[in-house]
Amino acid sequence: MIALVLAGCGKAGAGAGAGAGADAGAGAGAGAGAGADAGAGAGAGAGAGATTDAGAGGHASAGPCGSGRGWDGKYRSAAAGIYVPPSWKSVRWRVPETTAGLGEGAIAVVCDAETGQVTGSVDGVLGPATLRGRIVEGGLTATVVRADPGDHGFAGTLVATIDEGHARGTMNVSLGEASAVRVATFDLAPSGSAAP
C-alpha cells in the first residue's frame, strides 16, 4: 500500500511537472512571438520613418541652386593691381591712373534648378557684361564677358558663396589692354526681395 501511494504521488508530481513545463514552454513561446512581433513592428516603424524623413528632406535641399533661383543687387568697384613675382626681375607694370571702372553698378544672376548653370548680367561702371558659370556645393563661379567684345571693356571672373539665401563675393576684372584692374565686392539678395 505504501509503495502504491508513493508511486501514485510520484506520477502525479511528474504529471504536474510536465504540465508546468508545457505551460512554461507555451508562455516562453508566446513571449518569443510577442518579442518577434514587437521587433518587427519597431523595425518597420523606424525604417519607414527614417526613409521617409531622410528621403523627403534630402530631395528638398539637394538642388544645385540651394533654396534660391536668382539673386540681384549692387556692387562697389575699387582700384586693384597686378601681382608680379619678385623672380620676374625684368617685368614692370605701370599704367596711367584712370577713373574708369570705379564706382557702383548692378548684378543679376539666375540659376538653372536642374543643372546649376548660371547666367546673368553686369551693368554700371564695369558693364555692360554677361555672366556664365555654375553653382557647385554652395559656391558660385562665373566668367565676366563683354556684351560687346569689340569695346575692350572690363572682363574677368566672379566668385561667390551662397549663404543664408545671399550670394556674397567678388569680381576681379581688367580692361582688354590691362590698362586698369578693378576688384568689386557685392552682397546679392534673392531676386524679388526688398533691399536690406
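Relative to the compact-globule scaling 2.2 N^0.38 Å, provide the ratio for the alpha-carbon radius of gyration of the range 143-185.
In units of the 2.2 N^0.38 Å rule of thumb, it is 1.32.
Rounded to whole Å and sorted largest first, what semi-axes of the equivalent ellipsoid does the C-alpha gyration tensor of the range 69-174 yield via the square root of 5 times each eigenvalue?
Working through the eigenvalues yields semi-axes of 27, 17, 13 Å.
Let me check I've understood the local charge: for residue 192, count other residues with C-beta under 12 angstrom from its C-beta, Lys and Arg +1, Asp and Glu -1. What total comes out?
After counting each charged neighbour, the total is 0.
So what's the net charge close to residue 115: Lys and Arg +1, Asp and Glu -1, counting the other residues with Cβ under 14 Å from its Cβ?
+1
Where does the charge balance sit around residue 68 when Lys and Arg score +1, Asp and Glu -1, over other residues with C-beta under 14 Å from its C-beta?
Here the count lands on -3.
With each label point set 7 Å from Cα along the Cα-Cβ vector, what nm distance links residue 152 and residue 132?
It works out to 2.3 nm between the two label points.
Can you pull the one-decimal nm distance between simple spin-label points at residue 82 and residue 178, each 7 Å off the Cα toward Cβ?
Inter-label distance under the simple model: 0.2 nm.
Every read-out reported here was derived from the displayed coordinates using simple, explicitly stated rules and does not represent laboratory data. Just so you know, these numbers come straight off a predicted model, no measurement behind them. Using ideal geometry, Cβ is built from the backbone for each residue, glycine included, and neighbour counts are taken over all protein chains shown.
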